[in-house]
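First comes the structure, then the notes that go with it.
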Amino acid sequence: MATKTHSEEHHHDHEEPHIVGNSVYIIVWVALMILTGITVWVARHNFGVFNIVVALGIASIKASIVALFFMHLKYEDKLTWTFALYPLFLLALLIGLTASDVFYRLSP
Amino acid sequence: MANHTIAETLYVPYLDEKGILSWLLSTDHKRIGIMYLISISTSFLIAGISSLLMRLELIAPGKTIVDAHQYNVLFTFHGTVMVFFFIVPGLAASLGNFLIPLMIGARDVAFPKLNLGSYWLYLLGATILLISLLKPADTGWTFYTPYSIKTGTDVILLTTGIFILGMSSILTGLNFIVTIHKLRAPGMTWHRLNLFVWASYATAILQLLATPVVGITLLLLIMERVFGIGFFDPAKGGDPILFQNFFWFYSHPAVYIMILPAFGVISEIIPVFSRKPIFGYKAMAYSLLAIALISFLVWAHHMFVSGMSEVAATIFSFLTMLVAIPTAIKVFNWTATLYKGSIQLHSAMLYALSLIFLFTIGGLTGVFLGSLAVDVHLHDTYFVVAHMHYVMIGGTVMGFFGALHFWYPKMFGKMFNEKVAKVAWALIFIGFNVTFFPQFILGTLGMPRRYADYPPEFHSLHELSTIGSLILGIGVFIMTVNLLRGLTNGEKAPENPYNSVSLEWQVPSPPPHENFEKIPVVTDYPYVYGKKNTQEG
Ligand SMILES: [Cu+2]
C-alpha cells in the first residue's frame, strides 16, 4: 500500500497576505486616469508607423500598473509570477509566428 | 480539528442524496464530475447519430437520405458537438473532477462553487447551441472566413454558445491548477502524483492559456458579422488567413486538451493490469508538459495550402515534427510497461491497448500531413478525416471508454457485465477500423472531405466505411446498455477490485462525500507493483 493515514491534516501554507493601503489604490486610479488622458491626447497626433507602438505602449503601462499593484502581483511568489509571465511569452509567439506568415507572403 | 467528528459519522456514499436539485446545486467534485459525464456522453451519442446519418448518405453515389445543404448542416453539427461539447470538456471535466481530489488526497477542488459555476456555463452554452439549431449553421466546426461571414445560417448564436463553453473550460483549468498546487495531501510530492493528475495539470494549462484566444477570435468574427468591421475581409483591409492563424492557435493545443487526459487514463490502467510499475515515470510526467508546451508552436500545419507564406509553412512543418518526440516517449514507455508484465485483459485494458495501437496509426499519419509536399496532395481529403478520427476515436474515445470501464466500480459502487463489455469492445474495435481505414485509401485516391456526393469509382470503399460505422454504432449501443444495466442490476463493487495501490481505490466505492475519513499521508508513488510490493492482492 502506498499510503498510510495520519490523524491530523497538515497545512503547509504559511503565506501571509500583503496588506496594501487605500492610498495605493487611489494612486493607481489617478495614474490610470492620467494615462487615459495621455491616450486621448496622443490620438490627436500622427506619429506615422509609431502610432500603434505609442498606443499599445501606454496600454501596456496601464495593464502593468493594474497587475502589479491593483492585483498585488508585485507581492506574490515566483509561482504566481510564472503564471503571469507565461501568457506574455505565448502572446509573443502568437504575434511572432503570425508575422512569419503575414510579412513573408508572395505578393500576387 | 474537525476530523474526529467526520471519523465518527457513518459512511454515507456521495450518491445517496436524491432529487435533481441535490445534483444541480451540489458543489461536490464527484457529483459535478458525474454531471459532466452524463452531459458529455449524451453529446457524444447525439453527435454520433448525426455521423451515422452522414455515413448513410454516403453509402451510395447520388442523393440517398439528405441533400447537400442538409449534409453541410450535419457535418457542422457533428463536428461542433463532438469537439466543443464532448471531447474538449470531455475527459478533463468529467474524470478530472471525479478523480483529481481523490488522487491527490483532498476533500474537494480548490474552488467548489466556481466548479459548479463552470458546469452551469457548460449547460448555458449547450442551451444556446440547441436554440441555434432553429437555423443550423453550415460552416463546419472551424468557422473559416469568409464563408462564416457570408452564410445566412445562424453562426452568431452558435459561436456565442462556444464562447460561453470556453469560459467554462478556462474556469475548470484554473480550478484544477490551483487544486493540484495547493491541496495535495502530506507527502504527496510532485513525483508521487498519478500520471492522470500530471495529464490533467498539463491539460489545465492549455485550457487556461489557449482558450482565451479562440474566445477572442470568435468575438472578432461576431463583430465582423454584426458591425461589418473588416478584421478578416480583404476588401476592408482585413486578412482571411488571420482568422485561421488565430483559430488554430487555440485549436491545435485543443487537440491536446482532448488527448492528454486519455494519455493519463491509460497510464493508470496499464500498470494495474500489467502488475508492473509504469516504465519511466518521470519521462512520462515531463513528456506531458513537453507536449503541452510544443503544442503552441505548431498551429499553422493546418494551413499549408491556405495561401500563407512559404517561410512560415517551412518553420511550422519543422516545429510540427518536434511533437513526435514526447509522443513517441509515451508510446515506448507504455509498451515497455507491458513487457514481461502479468497482463490481465480486463475490458479497460483492452481499450488501453487499443489506444496504443490506434493512436500510433493516427500519430504517424499526422507526420505525413505535417510534411509540406505530402500535405499539398492530402490536404482536405479523407486522409485527414481518417487521421483525425484515428487520433480522436482511436486515442481519446478509447481512453474515455477505458476510463468508464476502469473507474465504473468506484464511481457507481456497482460492477458491469464484463463478458458483454468485451463483446462491445470487439465490435467497437472492428467497426472503427472498418469505418476509418478505407478512408485513408479514399483520401490518397483524391476523395475530398465534406462532400455529400462522389464519383462511382469511390463507391465500394465508401460502402465499406458505412458498414463499419454501423458495426461501430452497434458496439457503442451495446456498451452503453451494458453500463446502464450495471447501475441497476450490477453486483455491489468492492473497495478495490483490481488491487490498485493508487489513492482513489483506498476509499469506499462509491466514496463518501468528504472522500477521506482522515487525510492520508503519502509515502510512495502510485505504481509500486510487482517485487517491490509483496503485500498486494
Ligand atoms: Cu494541429
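Using the Cα centre of chain B as origin and beta-carbon charges of +1 (Lys, Arg) and -1 (Asp, Glu), tell me which of B:Gly490, B:Gly307, B:Thr139 is placed farthest towards the positive end of the dipole.
B:Gly490
Tilt of helix B:68-80 relative to the longest C-alpha principal axis of chain B, in degrees (0 to 90, nearest 10)?
30 degrees
Quantify how strongly other chains surround peptide B:307-319 by giving the mean number of their Cβ atoms within 10 Å of each of its Cβ atoms.
4
Which of the lysines could be linked to A:Lys74 by a straight reach, that is with a Cα gap under 26 Å, when you skip same-chain ones fewer than 8 residues away?
Correct list for A:Lys74: A:Lys62, B:Lys182.
Among B:251-262, B:510-521, how do they line up from the highest to the lowest mean number of other beta-carbon atoms within 10 Å?
On the way: B:251-262: 26.5, B:510-521: 19.6.
My ranking of the peptides, most packed first, is B:251-262, B:510-521.
What lysines sit close enough to B:Lys18 to cross-link, taking a C-alpha to C-alpha distance under 21 Å and skipping anything fewer than 8 places away on the same chain?
Candidates past the 8-residue exclusion: B:Lys30, B:Lys113, B:Lys410, B:Lys414, B:Lys492.
State whether region B:389-537 is rounded, prolate or oblate according to the following rule on the C-alpha gyration tensor (a ≥ b ≥ c being the square roots of its eigenvalues): a/c under 1.5 gives rounded; otherwise a/b larger than b/c gives prolate, and the remaining case gives oblate.
Prolate, because a/c is 1.5 or more and a/b exceeds b/c.
I need the P(r) histogram for region A:21-75: all alpha carbon pairs, bin width 5 Å from 0 out to the longest distance, whole percents.
The percentages, shortest bin first, are 4, 19, 25, 20, 13, 10, 6, 2, 0.
Could you give the dipole magnitude of region B:27-536 about its Cα centre, charging the beta-carbon of Lys and Arg +1 and that of Asp and Glu -1, in debye to the nearest 20? Working shown, then result.
Details: 29 positive and 24 negative charges, 268 e Å.
The calculated dipole for region B:27-536 is roughly 1280 debye.
For region A:55-103 and region B:102-116, what is the separation of their C-alpha centers, rounded to whole Å?
29 Å
Sorted by average packing, counted as other Cβ atoms within 10 angstrom per residue and highest first, what order do B:467-478, B:432-443 take?
Sorting B:467-478, B:432-443 by mean packing, highest first, produces B:432-443, B:467-478.
For A:92-101, what's the mean count of beta carbons from other chains sitting within 10 Å of each residue's beta carbon?
That average works out to 6.
Could you give the size of the charge dipole of region B:374-454 about its Cα centre, using +1 on the Cβ of each K and R and -1 on the Cβ of each D and E, expressed in debye and rounded to the nearest 20?
Values: 6 positive and 4 negative charges, 92 e Å.
Using Cβ point charges on Lys, Arg, Asp and Glu, region B:374-454 gives about 440 debye.
Sort the following peptides by mean Cβ neighbour count (other Cβ atoms within 10 Å, averaged over residues), highest first: B:114-122, B:265-273.
Peptide ranking by packing, descending: B:265-273, B:114-122.
Sorted by accessible area (1.4 Å probe), largest first, how do A:Tyr104, B:Tyr281, B:Tyr147 line up?
Descending accessible area places them as A:Tyr104, B:Tyr147, B:Tyr281.
Helix-only estimate, please: 222 nm mean residue ellipticity of the protein assembly as shown, summing -39500 (n - 2.57) across DSSP H runs of length 4 or more and dividing by its residues, to the nearest 500.
Roughly -21500 deg cm²/dmol at 222 nm, from the helical runs in the protein assembly as shown.
Taking a ≥ b ≥ c as the square roots of the Cα gyration tensor eigenvalues, with a/c under 1.5 meaning rounded and otherwise prolate when a/b beats b/c, else oblate, which class fits the protein assembly as shown?
Oblate, since a/c reaches 1.5 and b/c is not below a/b.
Just round it to a whole percent: the fraction of Cα-Cα distances in region B:27-536 exceeding 41 Å.
On the way: 21572 of 129795 pairs.
In whole percent, the share of Cα-Cα pairs in region B:27-536 beyond 41 Å is 17.
Just tell me how shielded B:182-194 is by partners: mean number of partner chain Cβ atoms within 10 Å of each residue's Cβ, no decimals.
Partner Cβ neighbours, averaged per residue: 2.
State to the nearest 20 debye the size of the charge dipole of the protein assembly as shown about its Cα centre, where the only charges are +1 on K and R beta carbons and -1 on D and E beta carbons.
Result for the protein assembly as shown is approximately 500 debye, rounded to the nearest 20.
Label region B:55-209 by shape, choosing from rounded, prolate and oblate, from the square roots a ≥ b ≥ c of the eigenvalues of the Cα gyration tensor; if a/c is under 1.5 it is rounded, and otherwise prolate applies when a/b is larger than b/c, oblate when it is not.
prolate
With a sphere of radius 13 Å drawn around the Cβ of B:Phe412, what net charge do the other residues whose Cβ falls strictly inside it have (Lys, Arg +1; Asp, Glu -1)?
Spelling it out: positives minus negatives among the neighbours equals +4.
Based on alpha-carbon centroids, what's the gap between region B:303-346 and region B:7-60 in Å, whole number please?
31 Å
How much accessible surface area, in Å² rounded to 10, belongs to the heavy atoms of B:Met103 with a 1.4 Å probe?
Looks like 0 Å² after rounding.
Would you list, by chain and number, the lysines whose Cα falls below 30 Å from the Cα of B:Lys150, excluding same-chain residues fewer than 8 positions away?
The reachable lysines, counting only those whose Cα sits under 30 Å from B:Lys150, are B:Lys63, B:Lys135, B:Lys236.
Name the residue farthest towards the positive end of the dipole of the protein assembly as shown from the options A:Ser23, B:Tyr122, B:Leu364, assuming +1 on Cβ of Lys and Arg, -1 on Cβ of Asp and Glu, about the Cα centre.
My answer, from the dipole projection, is B:Leu364.
The values are calculated or read from the model by the stated rules, or taken from the named source; none is laboratory data. The structure displayed is predicted, hence computed values, not measured ones. Every residue, glycine as well, gets a Cβ built from its backbone with ideal geometry; the counts of neighbours run over all protein chains shown. Protein only, heavy atoms only, side chains kept; ligands, DNA and RNA dropped before computing areas. Shrake-Rupley method; radii C 1.70, N 1.55, O 1.52, S 1.80 Å.
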